[in-house]
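The values are calculated or read from the model by the stated rules, or taken from the named source; none is laboratory data. All values derive from a computational prediction rather than experimental measurement. We place every Cβ from the backbone using ideal geometry, glycine too, and count neighbours over all the protein chains shown. With ligands, DNA and RNA removed, areas are computed over all heavy atoms of the protein, side chains included. Shrake-Rupley method; radii C 1.70, N 1.55, O 1.52, S 1.80 Å.
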Amino acid sequence: QVQLVESGGGLVQAGGSLRLSCAASGRTFSKSVMAWFRQAPGKEREFVSSINWSRSNTYYADSVKGRFTISRDNAKNTVYLQMNSLKPEDTAVYHCAADPWMSDYSLARAYRYWGQGTQVTVSS
């Protein structure tokens with residue numbers, strides 16, 4: 001059974017940092033694109049960042065560019081999201097996703113596997 005389990009969320013003040021992790025089990029995703037999405041209350045799930053298997057291509061939403069960094073450790077089947085200079089508008093549940101079947105990696109419907117998410121709350 002494939003599982004993606006996120007961790008590292010929490011409550012942080014504006015300007016602070018958090019590092020999210022997403023550990024995969026049940027199969028290897030070492031050759032798969034992996035991504036982070038987030039969903040705030042009352043809003044649609046939105047793309048945050050993606051990374052290909054070789055780490056040569058990373059993409060970011062404009063809203064997080066320059067503040068967030070995605071990385072991965074294929075040996076550990078894990079993807080990370082380093083979040084710096086956090087803002088209250090970053091508050092959301094953050095989900096990792098893996099193994100897209102479409103080439104537009106910014107689309108939530110492109111991904112086959114999802115984690116249940118970790119809450120990130122940024123206070124002002």
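Determine if segment 23-34 includes at least one residue that is part of a strand (DSSP E or B), open to solvent by 60 Å² or more (accessible area, probe 1.4 Å) and at pLDDT 95 or above. No, segment 23-34 has no match at all.
Each residue in segment 35-77 was checked for being modelled with pLDDT of 95 or more, within 22 Å of residue 102 (Cα to Cα) and not in a strand (DSSP E or B), and 4 of them qualify. What are the residues in segment 40-69 that are of a type outside the set (Lys, Arg), touching a Lys or Arg at 6+ places or on another chain (Cβ under 7 Å) and open to solvent by 90 Å² or more (accessible area, probe 1.4 Å), if any? Scanning segment 40-69 gives a single hit, 53. Listed by first and then second residue, the pairs linking a residue in segment 38-66 that is under 19 Å from residue 7 (Cα atoms) to a residue that is open to solvent by 90 Å² or more (accessible area, probe 1.4 Å) and of a type in the set (Ser, Thr, Tyr), with Cβ atoms under 7 Å apart and 6 or more places separating them unless they lie on different chains, are 49/59; 50/59.
Please specify each residue of segment 1-15 satisfying the condition of being out of contact with any Pro (no Cβ under 9 Å at 6 or more places or on another chain), surrounded by fewer than 16 Cβ atoms within 10 Å (Cβ to Cβ) and not hydroxyl-bearing (Ser, Thr, Tyr). Within segment 1-15, 1, 2, 3, 5, 10, 11, 13, 15 meet the criteria. Please enumerate the residues belonging to segment 99-110 that are touching a strand residue (DSSP E or B) at 6+ places or on another chain (Cβ under 9 Å) and more than 16 Å from residue 28 (Cβ to Cβ). Scanning segment 99-110 gives 101, 102, 105, 106, 107, 108, 110. Taken across segment 96-107, residues that are open to solvent by 40 Å² or more (accessible area, probe 1.4 Å) and outside any loop (DSSP other than H, G, I, E, B) do not occur at all.
Looking across 79, 93, one residue alone is farther than 22 Å from residue 123 by Cβ and under 13 Å from the mean Cα position of the chain (by Cα). It is 79.
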